[in-house]
Amino acid sequence: MFNFWGSKEQLGESRPSSSSEPSPQPPPWYSPSLVTSPSSSRPQSSGGQIPSHVSPSEAAGIISLLKDKSVDELSELLTDKNAYQQFLNSLEQVTIQNNIREELRKETLHLARENLEKEPQIVELRNQCRIIRTSELATAQEKLNELENQREEILKFYSPGSLLHRLQDAMKKGDEESEELQQKYMEKEIDTAAFVQKYKKLRSQYHRRALIHLSAKTSFTG
């Protein structure tokens with residue numbers, strides 16, 4: 001059985017262990033993602049166990065690669081940074097991650113170039129929006145205000161109170177015209193036939209308006 005850093009069992013098979021020899025220590029550039037323990041698949045906090053992001057199957061694959069290496073090759077991995085990095089990059093998991101990272105980098109650069117190519121178009125659209133806000137939008141707002149004022153005037157003109165008031169004014173005007181017609185008849189300014197015809201028409205209009213006024217007032221106030 002092999003333990004990457006505590007490799008006394010592996011070393012004992014090749015040469016006698018010496019109590020005076022210090023145990024090899026991981027170099028500062030060592031990545032703990034390769035440190036595995038074949039006896040456990042659960043992540044531990046100590047340096048000789050599988051990290052939480054390495055699955056048991058991945059750890060078994062790494063152990064299989066290390067088991068075929070000689071003591072000298074293992075010692076080289078512990079002491080030679082370049083050898084360790086070369087071995088790390090040869091792992092399938094690392095290769096997959098590097099490929100994904102490279103694809104993401106290329107895609108990011110592609111999107112960045114596309115954004116830079118669209119910058120003149122974006123600037124032009126921004127200028128057009130500014131023109132619309134300062135000119136066309138102002139004109140449209142002015143037209144809208146004008147239409148709203150017209151709408152308010154129309155609603156006011158045809159409001160119940162306004163209709164009753166104008167109907168009452170028409171009744172008053174018809175009454176005054178009737179009195180003027182009577183005065184002319186009394187002063188012999190108009191003959192009887194013409195007087196009767198006009199007076200009858202004026203009084204009919206007056207009474208019709210009076211009836212409408214009374215009906216509308218009852219309806220609006222009821």
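The values are calculated or read from the model by the stated rules, or taken from the named source; none is laboratory data. No experiment lies behind these values; they were computed from the predicted model shown. Note that we place each Cβ from the backbone using ideal geometry, even for glycine, and neighbour counts take in every protein chain shown. These accessible areas exclude ligands, DNA and RNA; they are computed on the full protein's heavy atoms, side chains included. Shrake-Rupley method; radii C 1.70, N 1.55, O 1.52, S 1.80 Å.
Of the residues 68, 175, 191, ranked by 1.4 Å probe accessible area with the largest first, the sequence reads 68, 191, 175. Each Lys and Arg adds +1 at its Cβ and each Asp and Glu adds -1 at its Cβ; summed about the Cα centre, the stretch 157-222 shows a dipole of about 340 debye.
Residues of the stretch 94-133: accessible area per residue at 1.4 Å, in Å²? Spell out each step's value before the answer.
Details: 3720 Å² over 40 residues.
Computed with neighbouring chains in place, this is 93 Å² per residue.
Working ranking of peptides 82-89, 145-152 by packing, defined as the average number of other Cβ atoms within 10 Å per residue, highest first, is 82-89, 145-152. Extension gain for residue 141 to residue 58 (0.36 nm times residue separation, less C-alpha to C-alpha distance): 23.1 nm. Ordering 73-79, 213-219, 120-126 by mean Cβ neighbour count within 10 Å, with the highest value first, yields 73-79, 213-219, 120-126. Where the alpha-carbon atoms of the stretch 117-207 are placed on the principal axes, they occupy 96, 25, 16 Å, in descending order. The portion of the accessible surface of the stretch 90-220 made up by carbon and sulfur, rounded to a whole percent, is 56 (1.4 Å probe; DNA, RNA and ligands excluded). The 1.4 Å probe gives accessible areas that order 172, 156, 188, largest first, as 188, 156, 172.
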